[in-house]
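Every number here is computed from the coordinates shown, using simple stated rules; none is lab data. Predicted model only: the values in this text are computed from it and were never measured. So basically every Cβ, Gly included, is an ideal-geometry build from the backbone, and we count neighbours across all protein chains shown.
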Amino acid sequence: MPGRIDKSAWHTPKLSAASHELDPYVPNSGNLGYRVSRYDLGLDYRVNSNRLSGVAVITAASYQQLDRFSLDLATGMRVDRATVNGRRARFSHRLGKVSITPASPIPPGGSLTVEIRYRGNPRPIRGPFGDVGWEELDNGSLCANQPNGAPSWFPCDDHPEAKAPFRIEITTDTPYYALANGRLVSKRRRAAQTTWVYEQVEPMATYLAAVQIGQYERITMTDGPVPVHALIPPKLRAQFAVSFGRQPQMVEAFTEMFGPYPFREYTSLVTEDALEIPLESQGFSTFGANHCDGTLEHERLVAHELAHQWFGNSVTVARWRDIWLHEGFACYAEWLWSQHSGGKSADEWARHYYAKLAAEPVRVPLADPGAKDMFDDWVYKRGAMTLHALRLRIGDGEFFALIRRWTEKYAYRCATTEDFIALASTFSSASLNDIWHDWLFTPSLPPFPALA
């Protein structure tokens, strides 16, 4: 195991530098001509009617003259008013885009403060990835945005590289707990409504923004050095203590392996509803009641979602073709936790899943699996196998030093497969090109990696 790291160390948040290129995996998402530097969302949500009204204030800077520009917002939401730098602006809203014409053109390098007032009944966006975005529950709601569902509930530049800090203010019915990204900075109750205000100071991709609403009980599992909290239905308290009880130890183990936890605290939320898969958001993860059954059967998923705080939420892909940098790392974290907690070793899990990969060959490379396949299970497992092959080649000391350097260098930023390859080369005196060729860029499965 790698040496222990000072858990009190914190990275300094940096704004991500957007490349301003649209992503062919989600060709209708993202916008050109400007770069967002902050979102301020004021939301009012009525649970019984699934009615959302919002005011989004988006601060941005142009990198070319803007006679007109656009934001992503699902057509299920209705825009009532748009202003740019305090002046009314003409707008149209169709095909998931709000096109805005400012009263005066914005010059290159000019600042924009865009205010959008909107309302509607939010619902998931349907597409090749299933239904993604705002989802109504039996008793509340949740957001599951990956990869292009954020516009189901707020106007945005929906591209993973367009990271920015957020302030989210959500007013909802008083019996309900409203969780959003970042630290809860205020809570005000007025009559039958409660307003919750969260500040997410570390830059965040839009797909990671989320508001989860339900009748939950809040539990603090540990208050330091990384506070770990939970929001659960009271009836699941006993089951939660077993299924999620080792999260504080998980945080400690992953901090040692991957580097300092990148955010101020971590929360796991369990809904009253069953969910097909858990969901990662920046600073918290959401699980279904079916993942909280009083056993350790789903603990690998608990580890997986926690690992995404480093791999996906802090270090985020610049383009969706590189999704293995999220899912391969999170899957490998499952295997590392298993070994750390006394279960099967990472090598045993690698051999187990290698056999499954061999039985179901694919025809596309891991480094570019295609939009249709990017969330397929083989991407997760082959990504983890790639890391295992690298670890066997360069040894534990260099491997974990590389991972800690990766999470430090690209903290709160975006990165690509080429960035990882370049960084890994500095942790090996010999060429690693055969690993990348065999595991990332060639569809056929190479032989199981041998210990160097």
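What number comes out for the charge environment of Pro102, summing +1 per Lys or Arg and -1 per Asp or Glu over other residues with Cβ under 10 Å away?
On the way: positive: Arg68, Arg87, Arg88, Arg90; negative: Asp67.
Surrounding charge for Pro102 is +3.
Mean residue ellipticity at 222 nm, helices only, the chain: -7500 deg cm²/dmol; runs of at least 4 DSSP H residues each add -39,500 (n - 2.57), and the sum is divided by the number of residues. So for the chain, what are the equivalent ellipsoid semi-axes in whole Å, largest first, each being the square root of 5 times an eigenvalue of the Cα gyration tensor? Gyration-tensor ellipsoid for the chain: 36, 27, 20 Å. Within the chain, helices built from complete DSSP H runs that reach 24 Å or longer along their own axis (Cα positions) and carry a mean Kyte-Doolittle hydropathy of -0.5 or higher are 377-409. Radius of gyration (Cα atoms) of segment 313-418, expressed as a multiple of 2.2 N^0.38 Å: 1.07.
Segment 194-253: Rg/Rh from Cα coordinates, Kirkwood Rh? Before the final figure, lay out the partial values.
Working: Rg = 13.8 Å, Rh = 13.8 Å.
Value, to two decimals: 1.00.
Under the convention that each Lys and Arg Cβ holds +1 and each Asp and Glu Cβ holds -1, the size of the dipole of segment 316-441 around its Cα centre is about 120 debye. In the chain, a dipole from Cβ-located charges (positive for Lys and Arg, negative for Asp and Glu) runs towards its positive end, and of Pro446, Ala192, Phe244 it is Ala192 whose Cα lies farthest in that direction. Overall shape of segment 20-215 was characterised from the C-alpha gyration tensor. The equivalent ellipsoid obtained from it has semi-axes of 27, 18, 16 Å, in decreasing order.
Grab the Cα-Cα distance for Asn28 and Asn121, subtract it from 0.36 nm times how many residues apart they are, and report the gain in nm with one decimal. If you can, show how the numbers build up before the last one.
Working: separation 93, 0.36 × 93 = 33.48 nm, distance 2.19 nm.
Extra length available between Asn28 and Asn121 comes to 31.3 nm.
Segment 335-367 and segment 56-126 have Cα centres lying 45 Å from one another.
Straightening the chain between Asn290 and Asp138 buys 53.2 nm, computed as 0.36 nm per residue apart minus the Cα-Cα spacing. Near His159: Cβ cut-off under 15 Å, other residues only, Lys/Arg at +1 and Asp/Glu at -1. The net charge is -1. Only Lys, Arg, Asp and Glu carry charge here, each on its Cβ (+1 for the first two, -1 for the last two); on that basis the chain has a dipole of about 1500 debye about its Cα centre. Annotation: peptides 148-155, 215-222, 429-436, ranked by per-residue average of other Cβ atoms within 10 Å with the highest first, follow the order 148-155, 215-222, 429-436. The trypsin sites (Lys or Arg not before Pro) found in segment 361-425 that occupy coil by DSSP, while having at most 10 further C-beta atoms within 10 Å, are Arg363. Of the residues His159, Pro147, Val114, the one whose Cα sits farthest towards the positive end of the charge dipole of the chain is Val114 (charges of +1 on Lys and Arg Cβ, -1 on Asp and Glu Cβ, taken about the Cα centre).
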